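Remarks on the structure that follows.
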Amino acid sequence: MNQLAQANPPSLDPVLHQPVRTRLAAFLAARGEATFSELKAALETTDGNLDSHIKKLTAAGYLLTHKQQGEGRPQTLYALSHTGMTAFAHYVQTLNALLDPEALAENPLYTDIKMELT
């Protein structure tokens, strides 16, 4: 284990450290913005589950919303706020800090699995 992780392990953002919210933030970080339907399809989740996670991210100040007019009814678009993008970038950086590439490289199980995935 690297010295940073041993001496003072960094803590992960509790808002983002939930699988659906992590995936939602990653999707929006890469995509920019998406509708509820697009998020639901990409994350393969239910309306209620997605709505709950959107509310938590919004309450934390991590999401922005705006209405888009078009044919039919208006669509709500979701995007990461500056605070949300900063939190997501820090979350990814924290995960990377917890990893010890040298220790992983010496672990035969990790090496075997990594080979299978490539």
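Every number here is computed from the coordinates shown, using simple stated rules; none is lab data. Predicted model, so just to flag it, every value in this text is computed and none were measured. When we count neighbours, we look across all protein chains shown, and the Cβ atoms used for this are built from the backbone with ideal geometry, even at glycine.
Annotations for the structure displayed:
- Fluctuation leader among Leu99, Leu43, Leu16 - the chain, Gaussian network, Cα springs under 10 angstrom: Leu99
- In the chain, the longest principal axis of the Cα atoms and the axis of helix 19-31 are about 70 degrees apart.
- Amide H contacts under 5 Å for Ser81: Leu63, Leu64, restricted to partners 5 or more places along the chain or on a different chain, H placed in the peptide plane at 1.01 Å from N.
- Whole-angstrom gap from segment 64-101 to segment 14-40, using each part's C-alpha centre: 6 Å
- Helical runs assigned H by DSSP (4 residues or longer) give the chain a calculated mean residue ellipticity at 222 nm of -18000 deg cm²/dmol, each run adding -39500 (n - 2.57) before division by the residue total.
- Partner aspartates and glutamates whose Cα lies under 20 Å from the Cα of Lys114, excluding those fewer than 8 positions away in the same chain, are identified as Asp100, Glu102, Glu106.
- Under 17 Å from the Cα of Lys67 - aspartates and glutamates, other chains or at least 8 residues apart: Glu33, Glu38, Asp51
- For the chain, the Kirkwood hydrodynamic radius comes to 16.2 Å, computed from all pairs of different C-alpha atoms.
- By the count of other C-beta atoms within 10 Å, a proxy for reagent exposure, Glu38, Glu102 are ordered fewest to most as Glu102, Glu38.
- Angle in degrees between helix 82-98 and the longest Cα principal axis of the chain, rounded to the nearest 10: 20 degrees
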